[in-house]
Amino acid sequence: MRYPQTFLDDLKRQADIVRVVQDYVQLKKKGANWMACCPFHKEKTPSFSVSPAKEIFYCFGCHKGGSVFNFVMEMERVSFPEAIKLVAEKSGVPLPKLIDDSRFEARRNEADAVIELNKWALEWWEQQLESSGEARIARDYLNSREITDETRKTFRMGYAPDSWDALSIHLRQKGATQDQIERSGLVVKKEEGGSYDRFRGRLIFPVMDIQGKPIAFGGRTLRNEDAKYINSPETAAYVKGRNLFGLNLTRDEIRRAGFVILVEGFLDLIVPYQFGVRNVVASLGTALTPDQARLVSRFARKVVVNYDGDNAGVQAAKKAIAILLAEDLEVKILVLPDGSDPDEFIRKSGVSEYQQQRGLAQPHIQFVIDQAVRDRKLSNPADKEAAIDEVLPYIRVVRSRLQKREYFDIAMDSLRIGDTTLRRELWHSIRQGTGEGARAGEETKTTINRAAVKPTVAEIQLLELLLNDETVRRNILPKMEPADYGDLPTASIFRAIVAIENEGTGVDFGRLSSQIDETDSAAELLPMLLMGDATPDNEDQENVRPKAEKCLDALRLMNINGKIRELHAEISEAERAGDETKLVRLSVEYSELNRLRKSFEPQSQIAQAENA
Ligand SMILES: [Zn+2]
């Protein structure tokens, strides 16, 4: 699927990068730019800047930078098409129809329809909870749980009246068809045809997607029915195990805190939130899924699992550990005293006691070992073997080789396995496994990073001047030959500038990036170069051209020096081979290059900055 180019151009023009970024970080105006503390790395003094004129952001600390789309991709951890959609929504630019993928389109329309009905239902349920006489039972329940009106409104809780068709009637009055109502999952279809309201006489908790749209609901009984909670079925808008409850409200705090507390139920999130613990998400009943773990990893690399302290909770926590480790997350386990869940515990013991307990959360490996040796005697060989079998899978899934070894040693010591041969065998049995593939992938990534472009000072200055100063482009580009930059690591940027200048369009981030191959790591330098201060406002415009010329000279000198080095090698080779004719030709070349080099030397102090 693709968006039409005209739409993308249009969106780029209309999307105000400052406004979009401001949704995520507090920007302060400074000169022509806006500054903030970087959302991508920890810092105390702002080095993150946004240039509305250049339509880019750049962090002088961690060097992340790019367009408004790159920013949203990085912030929301979404793909490019998703980023486009988000930017369009934030900028109020209507999305065009995607032409190629009609099935995707149909599903999206259906999902939108479900969300629309969910919105109608939710607004109505909220009203019921707020003011209907019947909802007193729900309001009493919330009071008994010390949940304030503010919290109720923040989480948009509602009350579904105890009726078979009150909601259906309301939805029909709003204009929904029976077919739409049935597809929304808000009703249960009857075999003989027709349907009845799914949620009756229940306190409603909406599940929002990350943008805060209601995609599903949970309903809690207020009359001690068998089913304490019932939930929406899967619909076009809702796939189970893909979302985390609360994330739309807590994601910024999660990012700030650097870790997330994972809980199970609605109130396990809502109550801590009300008391100020806001880096929390809830997995909601079903076992944590890999999709949910991946979603968590977009916002934090560390997870504190805080499930119920009862046996079911412990089992669920163990499953969650394995899923989280496979996503390369660091996992700790918090088990509250007396089997309390976070909701009870915070109401009973207070938030500072909770935070203190949280500080004592165990590393996952310790928790797993404790569980494995509980009710077992390590002096009994069969018990010991069972304990080993229980622990090893949690070490096998760890991706980092180093951590894996560390956890392994902790486990061996705790399980009192001293025999070196046995240890070696066990290590061998878990060394291979999912970790190896992942590790291989990591290595490739580091290699790419290491090979990243290392341009010289002269190169950077010249590019900054060319990119940010039209006069320099007009005067210097015609003097440049492809040979001047062809061998440089930034050659692709020079070529892009020349191409854009020849087209007669303006040099900007979007055009530059589209000219440079995605796999070319030089592209990563663009935000830095565009933000570069080679041409500060106060600098005498007349100095700019000579400065650019000096840089160009320095590049040419570097080129000559490189060629001379090559010639040296060739001359030694010819001498060894006794190839007289070649030697004569090479020496002529050599003295020509040497003369050329001398002609540069007096003017090019910048050449000394050459870090070859
Ligand atoms: Zn940064």
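The values are calculated or read from the model by the stated rules, or taken from the named source; none is laboratory data. Model, not experiment: these values are computed from the prediction. Note: ideal-geometry Cβ built from the backbone for every residue, glycine included; neighbour counts use all protein chains shown. Accessible surface areas use protein heavy atoms only, side chains included; no ligands, DNA or RNA. Shrake-Rupley method; radii C 1.70, N 1.55, O 1.52, S 1.80 Å.
Regarding ASP328, is this residue in a loop (DSSP other than H, G, I, E, B), acidic (Asp, Glu) and either under 24 Å from VAL280 (Cβ atoms) or in contact with a Pro (Cβ under 9 Å, 6 or more places away or on another chain) (or both)?
yes
Does at least one position in the range 498-510 carry a residue that is in contact with a Phe, Trp or Tyr (Cβ under 7 Å, 6 or more places away or on another chain), in a helix (DSSP H, G or I), open to solvent by 40 Å² or more (accessible area, probe 1.4 Å) and among the aliphatic types (A, V, I, L, M)?
No - not one qualifying residue is present in the range 498-510.
Of the residues ALA320, ALA293, which is in contact (Cβ under 8 Å) with a residue 12 or more places away in the chain and either farther than 18 Å from TYR407 by Cα or in a loop (DSSP other than H, G, I, E, B) (or both)?
Only one candidate qualifies: ALA293.
Would you check if LYS85 is open to solvent by 20 Å² or more (accessible area, probe 1.4 Å), away from the ligand (no atom under 15 Å from the Cβ) and of a type in the set (Lys, Arg)?
Answer is yes for this residue.
Name the single residue, out of those in the range 177-210 being over 30 Å from LEU86 (Cα atoms) and of a type in the set (S, T, N, Q), that is most open to solvent (accessible area, probe 1.4 Å).
Among them, the one singled out is GLN178.
If the requirement is being out of contact with any helix residue (DSSP H, G or I) (no Cβ under 9 Å at 6 or more places or on another chain), more than 13 Å from the ligand (Cβ to nearest atom) and either hydroxyl-bearing (Ser, Thr, Tyr) or touching a residue at least 40 places away in the same chain (Cβ under 8 Å) (or both), which of these qualifies: ASP16, ASP23, ASP10?
Of the residues listed, the single one that is out of contact with any helix residue (DSSP H, G or I) (no Cβ under 9 Å at 6 or more places or on another chain), more than 13 Å from the ligand (Cβ to nearest atom) and either hydroxyl-bearing (Ser, Thr, Tyr) or touching a residue at least 40 places away in the same chain (Cβ under 8 Å) (or both) is ASP10.
Please indicate, with yes or no, whether at least one residue in the range 219-237 is surrounded by fewer than 17 Cβ atoms within 10 Å (Cβ to Cβ), among the acidic types (Asp, Glu), at pLDDT below 90 and under 29 Å from GLU89 (Cβ atoms).
No, the range 219-237 contains no residue that is surrounded by fewer than 17 Cβ atoms within 10 Å (Cβ to Cβ), among the acidic types (Asp, Glu), at pLDDT below 90 and under 29 Å from GLU89 (Cβ atoms).
Taking the range 309-330 as the region of interest, how many residues are more than 17 Å from ASP291 (Cβ to Cβ) and modelled with pLDDT of 90 or more?
3
Only one of GLN26, GLN14, GLN22 is polar (S, T, N, Q) and under 18 Å from the mean Cα position of the chain (by Cα); which?
Within the list GLN26, GLN14, GLN22, the selection yields GLN22.
Given the conditions (1) at pLDDT 90 or above; (2) under 26 Å from ILE147 (Cβ atoms), which single one is not true for ALA372?
Just one mismatch for ALA372, condition (2).
For the range 27-81: of the residues being aromatic (Phe, Trp, Tyr) and part of a loop (DSSP other than H, G, I, E, B), which is farthest from the ligand (Cβ to nearest atom)?
Per the stated criteria, the residue is PHE60.
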